[in-house]
Amino acid sequence: MEKKFKQKPLSKKHEKFLDRALELSKTSKSAHKHGAILVKGSKIISSAVNVRRNDPYFLEDDIALLHSSTHAEEHCLRIARKVGNLSGAIMYIARSNKKGEPMNSKPCRRCIKAIKQVGIRKIFYTISNEMDLYDD
């Protein structure tokens, strides 16, 4: 179940990490610039942006849809595997537009499933000029 806490302001700690994810998103070379940061105990244990793995122009349509990009969340989790137990960690996800402003970065179902499987229960993400929280 998804809970939204728009009326409750973010703590300075959460705002700081979400701002760092937003800055990271600006470095993505993809059209939709996403950045993800994984934090455990106030320490960043991994960070990543979304990346294109294959040029969809050279792939068949059904293959291109599944294999042309890696979401920032997936990329971040792959990097964090080396850390070990990720339960209790918090993921911060941000998307920026061409002007560097925050955009909707709600994780897709596949990413939420992957995040939950490794024991992460809190996800903060941008929604336009607001911040939001996914809490299981």
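Confirm whether LYS82 is of a type outside the set (Asp, Glu), assigned to a helix (DSSP H, G or I) and at pLDDT 90 or above. For LYS82, the condition - of a type outside the set (Asp, Glu), assigned to a helix (DSSP H, G or I) and at pLDDT 90 or above - is not met. Considering only residues in the stretch 33-73 that are among the charged types (D, E, K, R) and at pLDDT 90 or above, the one that is surrounded by the most Cβ atoms within 10 Å (Cβ to Cβ) turns out to be GLU73. Within the stretch 24-54, the residues that satisfy the criterion of being touching a residue at least 40 places away in the same chain (Cβ under 8 Å) and among the charged types (D, E, K, R) are LYS26, LYS33, LYS40.
The values are calculated or read from the model by the stated rules, or taken from the named source; none is laboratory data. What you see is a predicted model, and the numbers here were worked out from it, not measured in a lab. All Cβ positions, even for glycine, are placed from backbone atoms using ideal geometry, and neighbour counts span all protein chains on display.
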